[in-house]
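A.B. asks: Got a structure for you, written out below as structure tokens; questions coming shortly.
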Amino acid sequence: MTSAPSAPSASSMRVTVARIFTVYGPRGRPDMAVYRFVAALRRREKIRRFGDGRSTWRDYLHVDDVVSGLLAAARRGEGAEGGA
């Protein structure tokens, strides 16, 4: 997470921005990679990859971890990188 600075004359409100991508967990969309991978593995099929395989590094976040992180940021009152 990062803290977005605001112009002092515009507002004294602190802002924290969370960029959250590729969340999985209960009620997840079945078309997402995590669910496709698990379904293929259960059927003992190969996992289908797209492209040349060089850009396959991704971070996958479980929804419980996302919620914990957002709650921790809200309790802290400033961004993880020091805030305003």
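A.B. asks: Taking interchain pairs and intrachain pairs at least six residues apart, which have beta carbon atoms under 9 angstrom, with the first residue in segment 23-50 and within 20 Å of residue 62 (Cα to Cα) and in contact (Cβ under 8 Å) with a residue 24 or more places away in the chain and the second open to solvent by 100 Å² or more (accessible area, probe 1.4 Å) and not in a helix (DSSP H, G or I)?
C.D. replies: As it stands, the answer is 33/58, since those pairs meet every condition given.
A.B. asks: I'd like the residue in segment 17-70 that is over 19 Å from the mean Cα position of the chain (by Cα) and among the basic types (Lys, Arg) and, out of all such residues, is surrounded by the most Cβ atoms within 10 Å (Cβ to Cβ).
C.D. replies: 49
A.B. asks: Take segment 33-78 and flag every residue that is modelled with pLDDT of 90 or more, among the basic types (Lys, Arg) and part of a loop (DSSP other than H, G, I, E, B).
C.D. replies: Across segment 33-78, the qualifying residues are 43, 44.
The values are calculated or read from the model by the stated rules, or taken from the named source; none is laboratory data. All values reported here derive from a predicted model rather than from experimental measurement. Cβ atoms come from the backbone with ideal geometry, glycine included; neighbour counts cover every protein chain shown. When the accessible area is computed, the model is the full protein with side chains, heavy atoms only, and any ligands, DNA or RNA have been set aside. Shrake-Rupley method; radii C 1.70, N 1.55, O 1.52, S 1.80 Å.
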